[in-house]
Amino acid sequence: MKASILFITYQHEAFIAEAIRSAMAQDYPDLELVLCDDGSTDRTRSILEKELESCPTHIEVLWASSEKNLGFHANFNRGLAACTGDVIIAMSGDDISVPNRVSLICREFAADLNCMLVCSSWIRIDEFGNVISNKGIDLKHNKNRFFSYSISKDQIYAGAPVCGAVAAYRVELRELFPPMHKGPHGEDNCFWVRALLVGNIRYLSEPLVFWRSHESNQSNWSQEIEFTVAMARHLKFLRAHERMVRQWMRDITQALETKLIAQSAFEEYQTTARIKCEWHRLRRLSVTRALWKLWFSSAIKLLRASGSRKIFFRSCRRILRWHLPLMLSAKRREAYWRSNTGHSSV
């Protein structure tokens, strides 16, 4: 099984040397390195070229970079198209992979032909490489797990943790679906759904990536930035998730047209996608204390979309216990912003 490291980078001169060294230090024998720099104007490219002088001879190096900055989606699509491996392991130019990351991932793919995506736990580090306390992923997902729509079809990600920094994809996901459209979604939001439409997702509880938090990271930004900036980024995150339904609908439709899923599943997944986006909208309306008219409209839309009595009552509990208190209580909203911006006071 041949593996490709899809190495995505842009303006990473402070971190690129450590990142590329970790890619070249992988212990997997059949490996290629596909480098996708999206027109960096700093020293990213020159540092990469210098580090590659010591690249092991068994690693094939391919360049799929752009002279101009075309944006993340175009950069990812271009690199993905250049990969020749059976397995494609995503890696960012500011993160660090442990030496056996590729080996462990390929082992999972080889053990299950229906596995379309493998992700793992991670360790968050700051811009200087210091470990940051991470309470979420380790407590919630502390053992290897399996996720599929056959187990949980009422959740768009089937309950799987989503983080593109720790992802690996079977090449079939590139062959079965067209390149991503430009939009508010990340590659992980797109490919998690694609993997579940075709097969299943495997999660490894062992941390295989040191995921770097810094000011310019778009999804794992440093908690040292000002509160107003952190708040604006979080609201942008919520708004982006409200609009991800477009890419999901394209992929769900593609799965239907190519007979990967049946008509009944197509309708179920469409509803699930719309509900997921509406939950993000209701959260944004709640934490920003929007007009009650808008809030009630969103809440009613969610309740009407409930496909079963069980989901209806579960949605009611979620709205009454979480979203409504956010609308009514300034204290609850303050606690929310402290939690989501990393600031002790608001």
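Structure notes:
- Residues of region 64-91 that are of a type outside the set (A, V, I, L, M), more than 22 Å from Q247 (Cα to Cα) and modelled with pLDDT under 95: S65, S66, E67, K68, N69.
- Members of region 1-23 found to be farther than 19 Å from F109 by Cβ and in a helix (DSSP H, G or I), listed by number: I16, A17, E18, A19, I20, R21, S22
- Scanning region 71-116 for residues that are surrounded by fewer than 20 Cβ atoms within 10 Å (Cβ to Cβ), in contact with a strand residue (DSSP E or B) (Cβ under 6 Å, 6 or more places away or on another chain) and aliphatic (A, V, I, L, M) yields A82, V98.
- Failed item in (1) exposed (fewer than 14 other Cβ atoms within 10 Å of the Cβ); (2) touching a residue at least 12 places away in the same chain (Cβ under 8 Å); (3) more than 27 Å from G183 (Cβ to Cβ); (4) not small (G, A, S), with E67 passing the rest: (3)
- Residue list for region 24-51, restricted to those being closer than 19 Å to R101 by Cβ and either outside any loop (DSSP other than H, G, I, E, B) or of a type in the set (V, I, T) (or both): M24, L31, E32, L33, V34, L35, C36, E51
- Taking the criterion of being surrounded by fewer than 17 Cβ atoms within 10 Å (Cβ to Cβ) and modelled with pLDDT under 95, the residues of region 241-261 that qualify are R243, R246.
- If the condition is being under 19 Å from S286 (Cα atoms), among the aliphatic types (A, V, I, L, M) and modelled with pLDDT under 90, then region 197-240 contributes A230, M231, A232.
- Within region 285-323, if we keep just the residues that are assigned to a helix (DSSP H, G or I) and of a type in the set (S, T, N, Q), the residue that is farthest from the chain's Cα centre (by Cα) turns out to be S297.
- Scanning region 4-25 turns up no residue that is without any contact (Cβ under 8 Å) to a residue 24 or more places away in the chain and either buried (at least 23 other Cβ atoms within 10 Å of the Cβ) or out of contact with any His (no Cβ under 8 Å at 6 or more places or on another chain) (or both).
The values are calculated or read from the model by the stated rules, or taken from the named source; none is laboratory data. In this text the structure is predicted, and so the values were computed from the model without any measurement. All Cβ positions, glycine included, derive from the backbone under ideal geometry; neighbour counts span all protein chains shown.
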